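What follows is calculated from the coordinates using simple rules that are stated; it is not laboratory data. Note that this is a predicted model, so its numbers are computed, not measured. Note: ideal-geometry Cβ built from the backbone for every residue, glycine included; neighbour counts use all protein chains shown.
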Amino acid sequence: MKIAMFPGSFDPITRGHVEIVLRGRTIFDEIIVACGFNSAKKYFFTLEERIEMLNMVFAHESKVRVASYQELTVEFARKQGAQFLLRGLRSPQDLSYEQPIELINKHMAPDIETVHLLSSPETAAISSTIVREVIKYRGNIDGLLPDEIVDYVRELKY
Ligand code: ADP
């Protein structure tokens, strides 16, 4: 059984993330969407809210499981039985950011392989950072966020 972990902050989950997970599930038997919590980081949404949004989006995806963690990604991946990490790449800048993380992960866990999928032109410009700005100024989030969470985000933040 090929299990991949898709780690991230998902603050909040965007259409870009969803695309990577849905494409990933055609390659892997199971995808664990792993929502990280780092006490040194300031989040826009609480961990509970980020998890709730992930659950709303993937409720009907039998191959997708949502989890949260507060430890090294590779340690959590091992404990969950994931042999792969799945990451999305939007641009060469994403690759520059990913490369050192991936090299360190490989050093710590040579048995875990990282797999990247290039995002489509439709989602390559979407980032959680930009989405948070749009939400802060009460802009239109349709088309940026998955439909399943648009009302939830409006009720919470608008
Ligand atoms: P992190 O805090 O680890 O950067 P994110 O939640 O921002 O977490 O991103 C998690 C993963 O999703 C990363 O691999 C990132 O490159 C990818 N990703 C983010 N936005 C997009 C997008 N629009 N298209 C494809 N992949 C994306």
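Does region 2-24 contain any residue that is without any contact (Cβ under 8 Å) to a residue 40 or more places away in the chain and assigned to a loop (DSSP other than H, G, I, E, B)? For region 2-24, residues without any contact (Cβ under 8 Å) to a residue 40 or more places away in the chain and assigned to a loop (DSSP other than H, G, I, E, B): absent. Answer yes or no: is there a residue in region 25-45 that is away from the ligand (no atom under 11 Å from the Cβ), without any contact (Cβ under 8 Å) to a residue 12 or more places away in the chain and outside any loop (DSSP other than H, G, I, E, B). For region 25-45, residues away from the ligand (no atom under 11 Å from the Cβ), without any contact (Cβ under 8 Å) to a residue 12 or more places away in the chain and outside any loop (DSSP other than H, G, I, E, B): absent.
Among what's in region 109-121 and is more than 11 Å from the ligand (Cβ to nearest atom) and surrounded by 13 or more Cβ atoms within 10 Å (Cβ to Cβ), pick the residue that is farthest from Gly88 (Cα to Cα). Among those residues, the one meeting the criterion is Ala109.
Filtering region 85-108 to residues that are assigned to a loop (DSSP other than H, G, I, E, B) and near the ligand (Cβ under 8 Å from one of its atoms) leaves only Arg90.
When you check Glu61 against the structure, is it surrounded by 14 or more Cβ atoms within 10 Å (Cβ to Cβ), in a helix (DSSP H, G or I) and among the charged types (D, E, K, R), yes or no? Considered against the rule, which asks whether it is surrounded by 14 or more Cβ atoms within 10 Å (Cβ to Cβ), in a helix (DSSP H, G or I) and among the charged types (D, E, K, R), Glu61 comes out as no.
Here Thr129 fits the description: assigned to a helix (DSSP H, G or I), within 10 Å of the ligand (Cβ to nearest atom) and not aliphatic (A, V, I, L, M).
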